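Enquirer: Before anything else, here's the structure in question.
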Amino acid sequence: MGIQHRDQTQDAFLSTINPLIQEFGPLQVLDDLIHLRAADSVQYPILAYPRSVSDAAPFDYYTGQDLDDMINHTVTSLIDDGFNPG
C-alpha cells in the first residue's frame, strides 16, 4: 500500500486524471495524502481542530508537514515501544 509511483508513459485515459494521481497513483490511505501535502513548497493548513471542548471558536491549524511530523513521531514511538508494523 502507499503511494505507487508510475512509469513516465501514460495512456490516454490517465491524461484526463488529476496530475497528482498521474504521478503517484491513487491515494490508498490518508497518510498518502498527508505525505503528499507535506512535500508542498508552500504549506497551508489542511486540518483545523478546536482548542477546547467548551469554546468552539479558537482552532489550531495544521499543515501537511505538521501532520506528517506527528505521524512520524507516533510511529517511531510505537516501534520503540515494541510494536511491529510488519
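The values are calculated or read from the model by the stated rules, or taken from the named source; none is laboratory data. Remember, it's a predicted structure, so these values are computed and weren't measured experimentally. Cβ coordinates were reconstructed from backbone atoms using ideal geometry, including for glycine residues, and neighbour counts include every protein chain displayed.
Enquirer: Every residue in the stretch 20-49 that is surrounded by 12 or more Cβ atoms within 10 Å (Cβ to Cβ) and touching a strand residue (DSSP E or B) at 6+ places or on another chain (Cβ under 6 Å), please.
Expert: Once the filter is applied, which keeps residues that are surrounded by 12 or more Cβ atoms within 10 Å (Cβ to Cβ) and touching a strand residue (DSSP E or B) at 6+ places or on another chain (Cβ under 6 Å), the stretch 20-49 yields 37, 43, 45, 47.
Enquirer: Moving on to the next point. Cβ-Cβ distance below 6 Å, separation of 6 or more or different chains: which pairs start in the stretch 50-65 with a residue that is exposed (fewer than 10 other Cβ atoms within 10 Å of the Cβ) and end on one that is at pLDDT below 95?
Expert: 56/50; 58/51
Enquirer: If you don't mind, another one. When residues of the stretch 19-64 are filtered for being modelled with pLDDT under 95, touching a Gly at 6+ places or on another chain (Cβ under 9 Å) and of a type in the set (Ser, Thr, Tyr), how many remain?
Expert: So the count comes out to 0.
Enquirer: Next question. With (1) at pLDDT below 85; (2) touching a strand residue (DSSP E or B) at 6+ places or on another chain (Cβ under 7 Å) as the list, and residue 67 as the residue in question, which single condition is left unmet?
Expert: With (1) at pLDDT below 85; (2) touching a strand residue (DSSP E or B) at 6+ places or on another chain (Cβ under 7 Å) applied to residue 67, the lone miss is (1).
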